[in-house]
Structure formats: structure tokens, C-alpha cells
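First up is the structure itself, then whatever we jot down about it.
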Amino acid sequence: MSQKASLSPDKIIVDRSRVSRNRDVARAVKNTRERLQITSGAATSFDKELLALHLSSIQYSAAALPLFVIVISLFANSVFTGVNLFGWMLASLAAHALQIAISVRAQRSEITYENVQRWRRILMFSQIPVGLCWTWFALIGCDACGGDTYFYFKSAVLVLALSATSMAQSMLRGAALATFAPVVVALAYSAFVTRAPTDLALTAVFTASLILFVFITSRLYSSNIRVMSFQSEKDDLIAELEVAKSMSDEARRRAEEANLAKSRFLASMSHELRTPLNAILGFSEVMATEVLGPLNNPTYKEYVTDIHTSGQHLLNLINEILDLSRIEAGRYQLNEEAVQLVDITEDCIGMVQLRAKSKSIRIVEQYEPGMPSIWADEKAVRQIVLNILSNAVKFTPQGGEITVKAGWTASGGQYVSIKDNGPGIAEEEIPVVLSAFGQGSIAIKSAEQGTGLGLPIVQALLHKHDGQFYLKSKLREGTECIAILPAKRVLQTVPAVEETSAIDRKKKSFA
């Protein structure tokens, strides 16, 4: 958890000023999810984007079709005698200019989802003059031309015009069919009138080409819709992830503020909680020892003993809660000095020795010799070792054994290891045991239940010392707790400086 103090007051556990914003964020997530779940009508939802792509395509290819028309006219007039395409050229350029003007006006105006269909119809109507011009070209013949050269020229021009227009107008669904349907009708009429095999072949080939290009443009249209749909879904997913992250960050911030407020409250309530408990313990102890006179009723004496025992248990619980709260609130200050890890461990063993002997538990000590002092808070290190030892004694059965080791780590630090041969902890319960107020199934069934704060306090105190804590346990094999202090806290001895004789100063001569 972050140790940075919050700027908001402690009493603000739930920030009421953010309710409206959180509600708006939740509504945005809901709308985005509903949009992602809608699959029908996807084509109509991208009409505006497709129309914008169509207008851009017209602008980019604005010079291609007029240049194509001019080249065809000049080539036909110069190669084929008796053919005059200047009138058709002027009409085609005028129709194309009209189409460009309409597209420019549509591009400059604001196209919305409400008027997109109207602009789409206008652009479809602008294709009709272009189609009529190509119909005029299809009906122009050349009686003076010998052979089928002009026929092949006209067929190639019509197929090229069909392919170029279909590709350029692929974003406007039905544009190719609206443009060249009159051409098919004109070719069919000419073939019906002349009954010439070449006209029938041209009509069949052009009709088949039109069907093919309509199919290709429809596939391109569908592919573009799918691409836009995927892009939109990706953008919506990114937006939803950002919104969800924002909500998660806000919830985490509020939870951290609430937890920090709780920790600061408990840390500041140390005097208010301990003073009345100390009074209860003191007065109950005076009454139990009958300092001011005997208690004639033995039941009262039992009650006083129960009050003292319960008060002592409650004081221990409050002390553990306040210690953990002070650490979480950042108010636990280390009083560091040079201490011996082995000496502290031996003192802690002496404190639990009487309780261990009552359960016939043997404590085996194994220390590496010549370990130097460490720079640490003696009270904190003592609490670390005592908490681990108390847990080991508590859960070790009658006649068990506890092994206490202290020595060097591979990185140059020092460690203390406490291993018992108790019932052990299941692997899936280790995270629970290491969490605040967490207890394993063995502890819940045990008659000596604790608060579940011993190991979290050990972890927090080691973290304050930049140390590490490891818990290794298996069912029916025992538990080993290892507290490690880093190498930078080990005080290295400096060899004594050898005394040397003073060097005589040379006198300066001013001669």
C-alpha cells in the first residue's frame, strides 16, 4: 500500500463529491458495451464514413477521367475517318464537372447521420449524366471505317471505363450499376436492331463485365465495412478499458484513503485505548491479590481473575493492531543502533522457555560463531523473533522440537530461522496466513487462537529494515520461518590503525 499521505480529510471515507462522475463513467461503460454487442445494422452505422471516403476518392481522381476522355476523343478523331467525338467529349467533361461540383459541395457541407442518405441520393443522381454520356459513346458508329478496328476500340474503351469507374466509385454502393445500366440497354437495343454477331458479343461481354464488377465492388464495400467495424470495436474496447482502468484507479484510491484513515485513527488512539485497559488490569490485579482486604465471596475472586485475563488478552490484541496500524500509517520510527542478532534471539528463547517446557517442547539452538553486530531497531528485531517463536511454540504439539538457527546469507546478510515439527500449513493457505487477521485451518481448530497479526507485523517490520521474510511449510511436516536482514545492515569491523612515530618537520632555510 502506498505510504504517501492523502490530502483529503480522514473522515472522508466515501467521497460524495465524486458520485456524479462515477455515475457518468458507469453509464459510458454501459453504452460502450451495448454498442459492442450490436451486430445488426452495422452497414448503416458507417454510412457517414463511407460517404466521406467516396468524396475523397472523387477528389483524388478528379483529373483522371477528363484526361481519359480527352485522349480517347483525340485518338478517335485522328485515327478513324468519319468519327467526330468532340461533342461527346464536351458533354462528358460537363457531366464530370457537375459530379465534381456536387462532391465538393457535399465535402464542404456538414454531413451528419441525419442527412447522409439525402447526400447519397444526390451523388447517385450525379452518376446519371456520366452514364448517359457513355451510352452516347456506345451508340456512336463508324460506317466509313473498314473492318472491325473501331468496334474493338469502342469495346476496349467501354471495358476500361467500366473498370475505372467501378474502382473509383466502390465506396458508393450501386454507383457502377447506375452508371452503366443505360449502356447495357443501349448495346442490347443496338444488337437487337442490327442482329450483328459483333454487337451481340459486345453486349454479352459488357453485361458479364458489369455483373463481375458489381460483384467485386460489393465485396470491396463489405470488406471496408468489416474493417471499419473492427476498427470501431477496437476503439470502443480501448475506451472501455480506459474507463474501467479509471474506475479501478478511483476505487483503489478510495480504498487506500479509507485504509490509511483507519490506520491513522488507530495509531492516534493508542493512549485512549491503552489507558482504560491499564486501569482495568491494575484494579483487577489489586482485587485478585486482595491488597486492600479479602474477598469473602470466592466467586467474586474468580470473576476478578477472568477480568484480568480478558483485559490482558484484549491489551495484547490492541497492541498488535496499533503496531500494524502505525507501520501502515508511516508513523513507526526505527530507533536504530548496533545490536547482536544472536543475543536478541537467545533473550526471546528465554521468554518462551517456560511455556515450551509446559508442553515438553525442546528448543535446539544453532548459531554461527563470530557474527558481527547489525544496525537495526532492537525492539523491532526482538518483536520479529518473539512473534515467530510464539507461533512455533503455540502450534508445536506436546513433546515436539523447535530448531532455531542464526547465521550468514549468501549475499552477506544475516538471518534467523525458526523451524518446528508441528502440523504445518497447506500450500494454498500460506497467503491467507501472511495476510492481516488471516488464520489457517489448523489455527482455527486450535484451542490457542491468536489475532492473525503476528506474521503481518513481522513482514512489515522486516520491510522497514529492507529485509525479507519467507514461510516454508507442508502439512504434517512442520513449518519454517526465515527472517533475513540485508548485508547493508551488517556492521563490518575496521582494523585498528597502527601507531607510527611522528615525522620530524624540516626546517625551512631562508638563506
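The values are calculated or read from the model by the stated rules, or taken from the named source; none is laboratory data. What you are looking at is a predicted structure, and each value in this text was computed from that prediction instead of being measured. Methodologically, a virtual Cβ is constructed for each residue, glycine included, from the backbone with ideal geometry; neighbour enumeration extends over all protein chains shown. Surface areas here come from the heavy atoms of the whole protein model, side chains and all, with no ligands, DNA or RNA. Shrake-Rupley method; radii C 1.70, N 1.55, O 1.52, S 1.80 Å.
Per residue, the accessible area of the range 62-156 comes to 54 Å², computed with a 1.4 Å probe over protein heavy atoms only.
Between the C-alpha center of the range 332-352 and that of the range 405-422 there is a gap of 15 Å. A Förster distance of 56 Å, applied to the separation of the beta-carbon atoms of Lys262 and Ser56, puts the FRET efficiency at 0.40.
With the simple model of a label 7 Å out from the Cα in the direction of the Cβ, Glu114 to Val159 spans 4.9 nm. Here the calculated FRET efficiency for Glu428 and Asn224, from their Cβ-Cβ distance with R0 = 51 Å, stands at 0.45, rounded to the nearest 0.05.
With each label modelled as a point 7 angstrom along the Cα→C-beta vector, the Ala208-Asn335 pair spans 10.2 nm.
Shown here for the range 132-220: trypsin sites (Lys or Arg not before Pro) in loop regions (DSSP other than H, G, I, E, B) with at most 16 other Cβ atoms within 10 Å, namely Arg195.
Between Trp375 and Leu237, the modelled labels are 5.2 nm apart [label points 7 Å from Cα along Cα→Cβ].
Calculated translational diffusion coefficient of the range 126-198 (4 °C, 1.567 mPa s; Stokes-Einstein with Kirkwood radius over alpha-carbon pairs) equals 99 µm²/s.
Counted by Cβ distance under 14 Å from Val304, the other residues give a net charge of -3, where Lys and Arg count +1 and Asp and Glu count -1.
The length gained on full extension between Lys359 and Val79, counted as 0.36 nm times the residue separation minus their Cα-Cα distance, comes to 88.9 nm.
Reported to the nearest whole Å, the Cα centre-to-centre distance from the range 75-140 to the range 151-213 is 16. Atom-type composition of the exposed protein surface of the range 148-270 places 70 percent of the accessible area on carbon and sulfur (1.4 angstrom probe). Compared with the alpha-carbon gap, the fully stretched path from Ala251 to Tyr303 is longer by 14.0 nm at 0.36 nm per residue.
Which parts of the range 137-164 would a label at Phe192 reach, counting a residue when its backbone N lies under 17 Å from a point 7 Å out along Cα-to-Cβ? Within reach of a label on Phe192: 139.
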